[in-house]
Each structure stands twice: as structure tokens, then as C-alpha cells.
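J.: What follows is a structure written as C-alpha cells; I'll ask about it next.
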Amino acid sequence: MKNGNASFWLDTTRDLTRQRPRIDGDLHADVVIVGGGFTGLWTAYWTKKADPSKHVVIFEREHIGFGASGRNGGWITGKTVGLRNKLADNGFTRADVLEMERTCQRAVFEIDDLMRAEGKDIDAARGGWMQIARSDSERERLKDHLATDREWGLTEDEVRFLDAAQTRERVNVPGVRGAIYSPYSVRCHPAKLVYAIAELCEDLGVTIYENTAVVDIDDGVCATTRGSVSGDVVVLATEAYTADLPGRKRNLLPMISSMVITDPLPDEAWETIGWDGSECMSGAQHMYFYSQRTADGRIALGGRGVPYLFNSGFDHNGELDTATITQLTDTVQGLFPRVPMTFAHAWRGVLGVPRDWSPFIDYAKHRRLVQVGGYAGQGVTASYVAGRIVADLVHERETEHTAVPWVRSIPRNWEVEPLRWIGSHAVRIMYGIADGIEHRRGGTRTSRIGSLATKISGRS
Ligand SMILES: Cc1cc2nc3c(=O)[nH]c(=O)nc-3n(C[C@H](O)[C@H](O)[C@H](O)COP(=O)(O)OP(=O)(O)OC[C@H]3O[C@@H](n4cnc5c(N)ncnc54)[C@H](O)[C@@H]3O)c2cc1C
């Protein structure tokens with residue numbers, strides 16, 4: 001099995017990407033974007049769409065899609081992003097928060113439609129998302145979750161409960177007890193999506209510089225490794241990697257998510273498994289997993305491994321530790337114990353988690369700076385929505401997109417070390433224990449340790 005080299009998605013599609021220049025010397029642009037992931041790219045796309053005359057440049061330290069955008073689970077999803085209570089904190093109503101979720105739901109299909117209209121093949125398939133329960137406690141948690149969704153206004157058409165038989169009709173996971181299902185998800189190949197957006201940007205006249213790191217930002221001026229760049233506005237779209245920039249170590253926690261992918265499974269295996277509806281499937285255990293059936297008949301699955309590296313560290317080109325590989329391959333095999341399978345590739349990436357687990361678009365006009373991100377692992381659709389909001393803000397256009405709960409100050413910093421490290425590792429251990437207790441004990445109750453871990457992480 002291959003380990004690292006960014007990700008399976010990037011590793012196997014390098015021939016599809018264009019060569020892009022480094023910056024050479026100083027320049028000025030109307031909008032300077034730091035980071036060539038989904039957020040930077042969608043921001044550039046929407047900015048050019050709103051005003052084709054704007055000079056827009058993107059600076060990417062490595063290459064397009066090097067970060068989470070080229071390594072993720074490929075869920076273009078309308079799942080709730082952020083914590084609703086936190087987003088309603090700043091004078092917004094429940095209806096405002098719900099409308100934001102509906103914007104994301106619509107965005108799922110807008111992205112798919114746009115790619116089709118532009119003739120971009122991103123291996124997209126519309127199958128919705130489904131979170132499955134394999135114990136009574138997991139099923140009860142899902143029902144509680146659904147009850148909360150109803151309180152906030154989501155309808156039966158938007159998310160609903162499936163009983164065990166209905167769930168098995170979609171994906172045949174032995175012992176499954178039920179699921180919640182929503183039609184708002186499209187499965188895709190994330191690297192193909194990144195390349196496609198980059199090409200759309202370039203066709204609109206955006207210049208993308210690769211291998212060009214921004215090392216400091218000060219009042220509209222970015223110092224790079226190869227020259228200085230000034231912008232009327234600078235958009236910081238570095239998500240988890242923001243921790244690398246001076247003075248920003250504790251803005252966002254670089255949380256690790258890890259993935260494995262099987263070799264293509266034969267037709268007999270798919271006859272046993274089903275899963276011909278292309279649902280994005282996750283699990284309701286505390287040691288959460290997310291997965292997709294790929295266009296070429298593999299299972300790609302991700303989840304929690306080592307959650308965080310000391311002092312906001314990053315992975316080395318996606319390389320994964322052996323214990324996490326075993327944990328993830330066991331999870332895939334545990335879902336389909338009767339299906340023989342081999343694994344092709346393992347990797348990991350970092351996603352940006354703000355202290356209140358909720359996205360932000362913070363426009364400090366006097367500093368000519370927009371900071372955007374913090375999707376906490378749900379950024380594929382959210383970055384499209386956020387990029388459109390940023391474009392409106394920098395064009396000084398007050399639209400229905402700009403007076404929304406995501407437009408707010410960046411949340412307070414994370415704690416100093418070793419507290420971040422202790423907290424994230426403790427939470428992971430506690431979730432593992434909680435799953436073990438619930439599995440052994442049976443019954444419908446969530447273990448207290450599981451609830452405590454969620455509280456400690458700040459996600460409740
Ligand atoms: C394993 C994994 C699975 C995931 N699965 C899903 C999923 O299925 N669905 C979903 O919605 N979300 C998922 N996510 C989260 C999602 O991928 C992210 O939220 C999203 O990609 C963030 O995009 P971004 O552009 O903000 O950040 P990134 O994609 O991380 O891009 C930031 C870019 O900035 C560049 N950069 C950093 N510092 C500098 C600098 N100083 N100068 C210039 N460039 C710099 C980096 O090289 C990087 O390319 C997953 C994340 C991971 C890691």
C-alpha cells in the first residue's frame with residue numbers, strides 16, 4: 001500500500017494539472033489571494049465573475065490542491081457546517097442560521113451543475129449523505145440529532161430517518177440499525193474538482209502562482225519568498241496552514257484527518273455490498289468515519305487517527321502512522337466483513353478548526369484583509385459559499401449573501417501548549433473508550449465519557 005505523497009487523488013491525477021509559474025519580482029493586484037485550495041480558488045472565481053476587470057492573483061506555497069482540498073473525502077455536502085448556537089450568537093435569528101444551511105444545500109447542486117455546464121468531469125454522482133448506526137446507542141444519538149434538526153426547522157425532505165431495512169437496501173452493512181439520510185450530497189473526485197476550478201479561474205483571467213509562499217502580511221502587502229505583492233485587498237485562505245504565519249499560531253487548530261482507499265472491488269463484491277446509489281456514507285460511532293464508493297469501484301474511507309501534532313504541526317506530505325492505517329483498514333473491513341479487499345493508498349491532511357468550530361469571514365477593511373475559513377472538516381461546499389460572500393464584500397456590494405451568520409470576527413484563539421495537544425489527544429482516547437463501553441454494554445444510552453469528550457472539545 002502506498003503511504004502519503006499528498007493523497008491518492010493527487011498522486012493518480014498529476015498528469016491532469018497544468019504547470020504554473022512562480023512569482024518573480026514585485027507586483028500589485030486588486031485582489032491578492034493567499035492559498036490555492038477550494039477557498040482561494042472559489043474566491044478568485046466569484047471575484048472575477050462579479051467584475052472581470054479586477055486583477056486577481058493567487059499565491060500557493062506548493063501546488064494547487066496541495067492542502068485539504070486535494071486530500072478530502074470528496075463529499076460535496078449540504079451537511080450543517082459549524083455550531084448553530086454559536087452562529088446565532090451575533091444577533092442572528094434561527095431563521096438566518098437555517099437559511100445559511102439552505103444556501104449550502106443549494107450550493108451542492110450548483111457546484112455539480114456548474115461543472116457539468118463547463119464540461120468538467122469530476123466523477124460526480126448525486127446520492128445524498130447517510131449516517132448509519134450499528135448499535136442502539138448510535139441509533140438513539142441519530143434520532144436525537146434529527147430531533148434537533150427539526151427544532152431548527154429542517155424538514156423531512158431535507159433529512160429523515162431510515163430504518164434498518166431501508167438502510168440495508170442502500171448499503172448492505174451487516175448489523176446496521178438505521179440511519180439518517182439527506183439528499184443534499186454529491187460524491188466527487190476532489191483533486192479533479194480542484195483542477196477544474198483552477199482552470200475556470202484561469203480562463204477568467206486569474207493568475208495562479210505556485211511554489212510561492214507568503215511569509216508575512218501587513219496592511220495589504222504580502223511578503224513572499226520571491227518578491228513583494230501589494231493588493232487593495234488580501235484574502236487569507238490558508239485554513240489549517242494559517243498556523244504557520246507570524247502571530248497566527250493559535251487562530252485555527254490544524255486537525256488531522258486520515259484516509260485509506262481500496263483497490264477496485266470486483267462486481268461480485270458490489271453485488272454483496274449494494275451501494276449503487278452513490279451515497280456519501282458516515283458512521284455514528286464516536287470514532288466517526290466518512291466514506292464514498294468511487295467512480296472506479298473503490299471504497300475511500302476516512303476518520304480519526306492521530307488527531308493533532310504538537311504545537312500545531314503538519315503532516316509530512318500526507319504520510320500516515322501504522323496504527324492509524326490499521327485502524328482505518330479495520331474500519332472498512334469491519335463494515336463489509338464478507339468482502340475480500342486490498343488497499344491501495346493511505347494518507348492524511350489537515351483541516352482548520354476555529355475555537356468555536358464554526359466558519360468565519362472576517363473583513364478588516366482598515367487592514368485590507370479578509371480572513372476566511374474554519375469549516376472544521378466540511379469545507380468542500382462551504383468554500384464555494386464563502387468565496388461568493390468574500391467576492392461581494394471586496395466589491396463593497398451588500399447583497400443577500402453578505403448579511404449572514406458566517407460574516408463575523410475570527411473566533412478567539414485556541415489555548416497555549418501543551419493544552420491543545422493534551423485536549424485533542426484526551427478527546428480521541430475518550431471517544432475510543434466510549435465506543436468500547438457502548439459496544440460491550442449495549443442499550444440505547446450514550447456513554448458519559450463520550451458526552452464529556454464532546455464537551456471538552458468545545459463542540460457542544
Ligand atoms: C482527509 C480529509 C477529508 C476531508 N473530507 C471532507 C469532505 O469529504 N467534505 C468536506 O466538505 N470537507 C472535507 N474535508 C475538509 C475540506 O477538505 C477543507 O475544509 C477544505 O478543503 C478547505 O479548503 P481551503 O482552501 O480553505 O484549505 P486548503 O485546501 O488546506 O488550502 C490551503 C492552501 O494554502 C496553501 N498555503 C498555506 N500556507 C501558505 C502560504 N504561506 N503561502 C501561500 N500558500 C499557502 C496550502 O499549500 C494549501 O494549498 C476534509 C479534510 C481532510 C484533511
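The values are calculated or read from the model by the stated rules, or taken from the named source; none is laboratory data. No experiment lies behind these values; they were computed from the predicted model shown. Because the Cβ atoms are built from the backbone with ideal geometry, glycine has one as well, and the counts that use them run over all protein chains shown. Note: accessible area is taken over every heavy atom of the protein model, side chains too, but ligands, DNA and RNA are not part of it. Shrake-Rupley method; radii C 1.70, N 1.55, O 1.52, S 1.80 Å.
J.: Ignoring ligands, DNA and RNA, what percent of the accessible area of the range 195-307 is carbon or sulfur (1.4 Å)?
T.: 45 percent
J.: How big is the C-alpha Rg of the range 224-294 next to the rule-of-thumb value 2.2 N^0.38 Å, as a ratio?
T.: Computed over Cα atoms of the range 224-294, the ratio equals 1.86.
J.: Then there is this: Arrange the peptides 190-197, 230-237 so that the one whose residues have, on average, the most other Cβ atoms within 10 Å appears first.
T.: With the highest mean Cβ count within 10 Å placed first, the list reads 190-197, 230-237.
J.: Is the shape of the range 144-199 rounded, prolate or oblate, going by the alpha carbon gyration tensor and its root eigenvalues a ≥ b ≥ c, with a/c under 1.5 for rounded and a/b larger than b/c for prolate?
T.: Because a/c hits 1.5 or more and a/b fails to exceed b/c, the range 144-199 counts as oblate.
J.: Taking a temperature of 25 °C and a viscosity of 0.890 mPa s, what whole-number D in µm²/s does Stokes-Einstein yield for the range 79-227 with Rh from Kirkwood over alpha carbon pairs?
T.: Answer from the Stokes-Einstein relation: 131 µm²/s.
J.: A follow-up question, please. Over the range 300-418, with the other protein chains present, what is the accessible area per residue in square angstrom, probe 1.4 angstrom?
T.: About 37 Å² of surface per residue is accessible.
J.: State the Cα centre-to-centre distance between the range 189-216 and the range 379-457 in whole Å.
T.: Using only Cα atoms to place each centre, the spacing works out to 27 Å.
J.: Turning to a different aspect of this structure: Give the peptides 68-75, 16-23, 137-144 in descending order of average Cβ contacts within 10 Å, highest first.
T.: Sorting 68-75, 16-23, 137-144 by mean packing, highest first, produces 68-75, 137-144, 16-23.
J.: Between the range 62-113 and the range 243-290, what's the alpha-carbon centroid distance in Å?
T.: The range 62-113 and the range 243-290 have Cα centres separated by 17 Å.
J.: Give the Cα extents of the range 1-157 along the principal axes, in whole Å, largest first.
T.: Here the Cα extents, ordered largest to smallest, are 59, 48, 29 Å.
J.: Then there is this: Per residue Cα convex hull volume for the range 150-246, in cubic angstrom?
T.: 239 Å³
J.: Using the 2.2 N^0.38 Å rule of thumb for compact globular proteins, work out how the range 94-156 stacks up: its C-alpha Rg over that value, please.
T.: 1.48
J.: Any idea of the accessible area per residue across the range 1-98, 1.4 Å probe, to the nearest Å²?
T.: Accessible surface, normalised per residue, equals 40 Å².
J.: Further question: Roughly to the nearest percent, how much of the accessible area of the range 1-131 is carbon and sulfur, given a 1.4 Å probe?
T.: Ligands and nucleic acids excluded, carbon and sulfur reach 46 percent.
J.: What is the gain in length, in nm to one decimal, between residue 223 and residue 22 on full extension, counting 0.36 nm per residue of separation less the C-alpha to C-alpha distance?
T.: Gain on extension, residue 223 to residue 22, equals 71.0 nm.
J.: I would also like to ask the following. Kirkwood Rh and Cα-based Rg: tell me the resulting Rg over Rh for the chain, rounded to two decimals.
T.: Checking Rg against Rh, the ratio lands at 0.95.
J.: How long are the semi-axes of the ellipsoid equivalent to the range 19-92, from square roots of 5 times the Cα gyration tensor eigenvalues, in whole Å, largest first?
T.: Whole-Å semi-axes of the equivalent ellipsoid: 28, 19, 12.
J.: Membrane-span-like helices in the chain: DSSP H runs reaching 15 Å or more (Cα, own axis), mean Kyte hydropathy at least 1.0?
T.: Taking the DSSP H segments of the chain (at least 15 Å long, mean hydropathy at least 1.0), we get 379-394.
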